[in-house]
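This structure is in structure tokens; I'll ask about it shortly.
The values are calculated or read from the model by the stated rules, or taken from the named source; none is laboratory data. Note that this is a predicted model, so its numbers are computed, not measured. All Cβ positions, even for glycine, are placed from backbone atoms using ideal geometry, and neighbour counts span all protein chains on display.
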């Protein structure tokens, strides 16, 4: 028997009202940021010229780009290792089902929620203002962002694991450390590795982006090429960055699949 769905007048009215509200918000946003569509269309004629200039490759920049890619990967990897260690410790103290104290859990979550709210670029500017330019400043800026992200994800994985294992181990007299190392880590390790691989990709992207403010690596080299309008070098570096991110994506996917199927 065919079922006929009848839409009530109330739902139609709500849908129309929602569309009107979204439309009003859209036009208010357009006016607020002062979009000039006429100027946009006038400048579209410059696009073919820019694209034509970028249809060139400068192989002389490749050695320097490769060296800077190594710097970027090293910075991303170092940040990942330190952030994973810090996040692993703090996540078990922040998880509601594992925290020794409820106020400690709320405090850690609150502090790192504030840290996550600040973009890594802003952290970079703050660190550079204190310590100056260089990879050390980039490391600290990325560390804030990475630890905040991993704590949120690790904590969620720990809390979703359930309290049955925790209660069972507590009933046998297991200590907090035994529950962590022999109960929760083996249970959550697959989820942890997935979040770690995602974070490594983000670290590489942030390391490239921080080149805008003087952090070393391929991002700084790209910024210098753009600022001097060297289109051939810019194109070459962008192609190398795309290839780098593609290789990282393939590698991280293989790692996640190997761990996932290895658990079965």
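Go through 86, 93 for me and flag whichever is touching a residue at least 60 places away in the same chain (Cβ under 8 Å) and surrounded by 13 or more Cβ atoms within 10 Å (Cβ to Cβ).
Numbers: 93 fails: touching a residue at least 60 places away in the same chain (Cβ under 8 Å).
That would be 86, the only listed residue that is touching a residue at least 60 places away in the same chain (Cβ under 8 Å) and surrounded by 13 or more Cβ atoms within 10 Å (Cβ to Cβ).
For the stretch 230-252, enumerate the residues that are in contact (Cβ under 8 Å) with a residue 24 or more places away in the chain, more than 14 Å from residue 66 (Cβ to Cβ) and loosely packed, with under 15 Cβ neighbours inside 10 Å.
We begin by selecting, within the stretch 230-252, every residue in contact (Cβ under 8 Å) with a residue 24 or more places away in the chain; these are 230-237, 239-241, 244-245, 248-249, 252.
From what is left, the residues that are more than 14 Å from residue 66 (Cβ to Cβ) are 230-232, 234-235, 245, 248-249, 252.
245, 249 - these are the residues of the stretch 230-252 that are in contact (Cβ under 8 Å) with a residue 24 or more places away in the chain, more than 14 Å from residue 66 (Cβ to Cβ) and loosely packed, with under 15 Cβ neighbours inside 10 Å.
Which of the residues that make up the stretch 96-124 are touching a helix residue (DSSP H, G or I) at 6+ places or on another chain (Cβ under 6 Å), touching a residue at least 60 places away in the same chain (Cβ under 8 Å) and either under 15 Å from residue 145 (Cβ atoms) or surrounded by 14 or more Cβ atoms within 10 Å (Cβ to Cβ) (or both)?
97, 98, 120, 124
Turning to a different aspect of this structure: If residue 148 satisfies every condition in (1) in a helix (DSSP H, G or I); (2) exposed (fewer than 15 other Cβ atoms within 10 Å of the Cβ) but one, which is the exception?
(2)
Further question: Before we move on, is residue 165 surrounded by fewer than 20 Cβ atoms within 10 Å (Cβ to Cβ), at pLDDT 85 or above, in a helix (DSSP H, G or I) and in contact with a helix residue (DSSP H, G or I) (Cβ under 8 Å, 6 or more places away or on another chain)?
Details: surrounded by fewer than 20 Cβ atoms within 10 Å (Cβ to Cβ): yes; at pLDDT 85 or above: no; in a helix (DSSP H, G or I): yes; in contact with a helix residue (DSSP H, G or I) (Cβ under 8 Å, 6 or more places away or on another chain): yes.
When the stated conditions are applied, residue 165 does not pass them.
Kindly indicate whether any position in the stretch 208-229 is touching a residue at least 60 places away in the same chain (Cβ under 8 Å), out of contact with any helix residue (DSSP H, G or I) (no Cβ under 7 Å at 6 or more places or on another chain) and part of a helix (DSSP H, G or I).
Residues of the stretch 208-229 touching a residue at least 60 places away in the same chain (Cβ under 8 Å): 208-210, 212-221, 225.
Keeping just the survivors that are out of contact with any helix residue (DSSP H, G or I) (no Cβ under 7 Å at 6 or more places or on another chain) gives none.
Taking every residue of the stretch 208-229 in turn, none turns out to be touching a residue at least 60 places away in the same chain (Cβ under 8 Å), out of contact with any helix residue (DSSP H, G or I) (no Cβ under 7 Å at 6 or more places or on another chain) and part of a helix (DSSP H, G or I).
Considering only residues that are without any contact (Cβ under 8 Å) to a residue 24 or more places away in the chain and part of a helix (DSSP H, G or I), look in the stretch 127-145 and name the one that is nearest to the chain's Cα centre (by Cα). Step through it out loud before you land on a result.
Filtering the stretch 127-145 for residues without any contact (Cβ under 8 Å) to a residue 24 or more places away in the chain gives 127, 129-132, 136, 140.
Filter once more, keeping what is part of a helix (DSSP H, G or I): 127, 129-131, 136, 140.
On the way: 127: 19, 129: 24, 130: 24, 131: 24, 136: 20, 140: 15 Å.
Filtering the stretch 127-145 for residues that are without any contact (Cβ under 8 Å) to a residue 24 or more places away in the chain and part of a helix (DSSP H, G or I), the one nearest to the chain's Cα centre (by Cα) comes out as 140.
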